[in-house]
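The values are calculated or read from the model by the stated rules, or taken from the named source; none is laboratory data. Computed from a predicted structure; not experimentally measured. Here the Cβ positions follow ideal geometry from the backbone for every residue, glycine too, while neighbour counts run over all protein chains shown.
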Ligand code: SF4
Ligand code: SF4
């Protein structure tokens, strides 16, 4: 077992917190203090009493509908150009084709559009709104990120049943097992979050833990829904004891993380996981989702490694059969490993299985980050990051480090300032790892890999 302790630091106390000296000579590339957080009054001024439509009826759009309602607004409809979505409804709100609503005289005076899709798609929608419908950003449309610029993460389960080779969970010296966040503590955390970010619409309930292990997970999801916050879960789906209750509570999205479609592939990189079990549990998840009306978006997040490419066609088929969304991604080692490698010249034993099977080798991935070192951190908006014990961490992707003992005892503004100049961000940015795991950078590559894998089937 490795004895690396590169980033395993205790939470710092308010009175002992110091900015990392690294930032005396370099500006931080992860500064979320620059984002304005909208109040309800700010939003009233923006909408000017017009009908509000949300462009995008996926996870983000659905989540934002709930946040609007919490803040006293209603959406007149969703907009979506996908013919499969047009005519459907979510929580009583209908999906329209954009032409139905926006191709009318003076539409910009009657309608305000909030765009709610992933970044690349948002850019296309901005162009369509401006060029086809004559809308103006900031006057007749805006991205929901402008109102709620942060993506909070709350770790409801500080432990996991697997020890994946790409994850710091595989090495107990990097990441020890914690406990569950109790419902009572979750309630305290989420109420403060809503006060600090009035339009918060989505909270991810995981980092290094398996959220479905938490026996109160369904209550947490229900509480979020009652407050107008969509819940995002990610699961390895090896233990489904609480799955049906969680699905009944209605999370907006559940991601299933997979790295193979057989014992021979899956169990090499999802260390400790059992393929037969996961395979059965996927069928169960599909049935349970169907039972509750297929309300939850189920995403199959497939980590592409050398050893599992031949299984891509099978996973595509499975997604069709079970009504899951296929989300291929380039497998990587999570941040603690490249940092350890860069600082000590070696990797913990546990990461070797994943490293040996990467499609793009570790040194090339590191070089790719260095090429982009001047750019901002891809996780700047992911804050605050709250651990199962309510301590606050600077980053959702480095194993537990602390910037405050309790989220309840410190303002969001102070937390963002601490994160910006934290030692974790300093050591990360020193090595350009603030660009690590930028899946957007590899999206063309991933598409080609998938296309070729399917063509060879
Ligand atoms: S990657 Fe996820 S499932 Fe695997 S050990 Fe880490 S937290 Fe657990
Ligand atoms: S530690 Fe995390 S939040 Fe900080 S710069 Fe690195 S990736 Fe960004």
*Just name the residue that is nearest to residue 447 (Cα to Cα) out of those in region 328-353 that are buried (at least 17 other Cβ atoms within 10 Å of the Cβ) and touching a strand residue (DSSP E or B) at 6+ places or on another chain (Cβ under 9 Å).*
328
*When you go through 318, 339 one by one, which is the residue that is assigned to a helix (DSSP H, G or I), in the same structural domain as residue 414 (by TED's automatic domain parsing) and within 16 Å of residue 257 (Cα to Cα)?*
318
*asked:* Given the condition closer than 30 Å to residue 194 by Cβ, surrounded by fewer than 16 Cβ atoms within 10 Å (Cβ to Cβ) and modelled with pLDDT of 95 or more, answer yes or no: does some residue in region 98-113 qualify?
replied: no
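Might you let me know whether region 267-288 holds any residue that is under 24 Å from residue 350 (Cβ atoms), assigned to a loop (DSSP other than H, G, I, E, B) and away from ligand 1 (no atom under 16 Å from the Cβ)? Working first, answer last.
In the first step, residues of region 267-288 are kept if they are under 24 Å from residue 350 (Cβ atoms); the result is 267-278.
If we keep only those that are assigned to a loop (DSSP other than H, G, I, E, B) too, we end up with 270-274.
From the residues that got through so far, the ones that are away from ligand 1 (no atom under 16 Å from the Cβ) too are none.
Within region 267-288 (the criterion being under 24 Å from residue 350 (Cβ atoms), assigned to a loop (DSSP other than H, G, I, E, B) and away from ligand 1 (no atom under 16 Å from the Cβ)), the answer is no, since none of the residues qualifies.
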*Checklist (1) part of a loop (DSSP other than H, G, I, E, B); (2) within 30 Å of residue 191 (Cβ to Cβ); (3) out of contact with any helix residue (DSSP H, G or I) (no Cβ under 6 Å at 6 or more places or on another chain) applied to residue 69, failing item*: (1)
*asked:* Please verify whether residue 433 is without any contact (Cβ under 8 Å) to a residue 60 or more places away in the chain and surrounded by 20 or more Cβ atoms within 10 Å (Cβ to Cβ), treating the condition exactly as stated.
replied: no
*Take region 224-250 and flag every residue that is in a loop (DSSP other than H, G, I, E, B) and touching a residue at least 60 places away in the same chain (Cβ under 8 Å).*
228, 229, 236, 238, 239
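Go through region 212-223 and report how many residues are in contact with a strand residue (DSSP E or B) (Cβ under 6 Å, 6 or more places away or on another chain) and not in a helix (DSSP H, G or I).
From region 212-223, those in contact with a strand residue (DSSP E or B) (Cβ under 6 Å, 6 or more places away or on another chain) are 212-214, 221; that's our starting set.
From the residues that got through so far, the ones that are not in a helix (DSSP H, G or I) too are 214.
Looking only at that region, the number is 1.
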*Restricting attention to region 27-65, which residues are within 30 Å of residue 222 (Cα to Cα), within 16 Å of ligand 2 (Cβ to nearest atom) and either in contact with a strand residue (DSSP E or B) (Cβ under 7 Å, 6 or more places away or on another chain) or not in a helix (DSSP H, G or I) (or both)?*
35
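For region 109-123, which residues satisfy the criterion of being closer than 23 Å to residue 148 by Cβ and assigned to a helix (DSSP H, G or I)? Before the answer, list the steps.
We begin by selecting, within region 109-123, every residue closer than 23 Å to residue 148 by Cβ; these are 111-123.
The answer is 119, 120, 121, 122, 123.
Assigned to a loop (DSSP other than H, G, I, E, B), within 16 Å of ligand 1 (Cβ to nearest atom), under 20 Å from residue 210 (Cβ atoms) and at pLDDT 95 or above - does that describe any residue in region 397-414?
Looking only at region 397-414, we keep the residues that are assigned to a loop (DSSP other than H, G, I, E, B), and these are 397-403, 405-406, 410-411.
Checking the rest, the ones that are also within 16 Å of ligand 1 (Cβ to nearest atom) come to 397-400.
With under 20 Å from residue 210 (Cβ atoms) added as a condition, the list becomes 397-400.
Those left that are additionally at pLDDT 95 or above: none.
Among the residues of region 397-414, not one is assigned to a loop (DSSP other than H, G, I, E, B), within 16 Å of ligand 1 (Cβ to nearest atom), under 20 Å from residue 210 (Cβ atoms) and at pLDDT 95 or above, which makes the answer no.
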*Identity of the residue in region 370-392, surrounded by 21 or more Cβ atoms within 10 Å (Cβ to Cβ) and not in a loop (DSSP other than H, G, I, E, B), that ends up nearest to ligand 2 (Cβ to nearest atom)*: 385
*So, in region 224-234, of the ones that are touching a strand residue (DSSP E or B) at 6+ places or on another chain (Cβ under 6 Å) and crowded, with 21+ Cβ neighbours inside 10 Å, which residue ends up farthest from residue 72 (Cα to Cα)?*
233
*Could you tell me whether region 20-43 includes any residue that is surrounded by 12 or more Cβ atoms within 10 Å (Cβ to Cβ), modelled with pLDDT under 90 and at negative phi?*
no
*Failed condition for residue 418, given (1) in a loop (DSSP other than H, G, I, E, B); (2) within 16 Å of ligand 2 (Cβ to nearest atom), with all others met?*
(1)
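For region 165-180, check the following and say yes or no: at least one residue is in contact with a strand residue (DSSP E or B) (Cβ under 7 Å, 6 or more places away or on another chain) and not in a helix (DSSP H, G or I). Reasoning before the result, please.
Here is the first cut: in region 165-180, the ones in contact with a strand residue (DSSP E or B) (Cβ under 7 Å, 6 or more places away or on another chain) are 180.
Now restrict to residues that are not in a helix (DSSP H, G or I): 180.
Yes, that holds for at least one residue.
Residue check: is residue 209 within 16 Å of ligand 1 (Cβ to nearest atom), buried (at least 20 other Cβ atoms within 10 Å of the Cβ) and not in a loop (DSSP other than H, G, I, E, B)? Working first, answer last.
Working: within 16 Å of ligand 1 (Cβ to nearest atom): yes; buried (at least 20 other Cβ atoms within 10 Å of the Cβ): yes; not in a loop (DSSP other than H, G, I, E, B): no.
No: the conditions fail for residue 209.
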*Any hit, region 244-261, residues being closer than 30 Å to residue 350 by Cα, buried (at least 22 other Cβ atoms within 10 Å of the Cβ) and either within 16 Å of ligand 2 (Cβ to nearest atom) or at pLDDT below 95 (or both)*: no
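Return a yes/no flag: does region 159-177 have any residue that is closer than 23 Å to residue 319 by Cβ and either buried (at least 23 other Cβ atoms within 10 Å of the Cβ) or touching a helix residue (DSSP H, G or I) at 6+ places or on another chain (Cβ under 6 Å) (or both). So that I can check it myself, show each step before the final result.
Taking region 159-177 and keeping what is closer than 23 Å to residue 319 by Cβ, we get 162, 164, 166.
Remaining after also requiring either buried (at least 23 other Cβ atoms within 10 Å of the Cβ) or touching a helix residue (DSSP H, G or I) at 6+ places or on another chain (Cβ under 6 Å) (or both): 164, 166.
Looking through region 159-177, at least one residue is closer than 23 Å to residue 319 by Cβ and either buried (at least 23 other Cβ atoms within 10 Å of the Cβ) or touching a helix residue (DSSP H, G or I) at 6+ places or on another chain (Cβ under 6 Å) (or both).
Among the residues of region 402-415, what is the count of those that are more than 20 Å from residue 27 (Cα to Cα) and either surrounded by 22 or more Cβ atoms within 10 Å (Cβ to Cβ) or away from ligand 2 (no atom under 14 Å from the Cβ) (or both)?
Within region 402-415, the subset more than 20 Å from residue 27 (Cα to Cα) is 402, 404-412.
Checking the rest, the ones that are also either surrounded by 22 or more Cβ atoms within 10 Å (Cβ to Cβ) or away from ligand 2 (no atom under 14 Å from the Cβ) (or both) come to 404-412.
Counting residues in region 402-415 that are more than 20 Å from residue 27 (Cα to Cα) and either surrounded by 22 or more Cβ atoms within 10 Å (Cβ to Cβ) or away from ligand 2 (no atom under 14 Å from the Cβ) (or both) gives 9.
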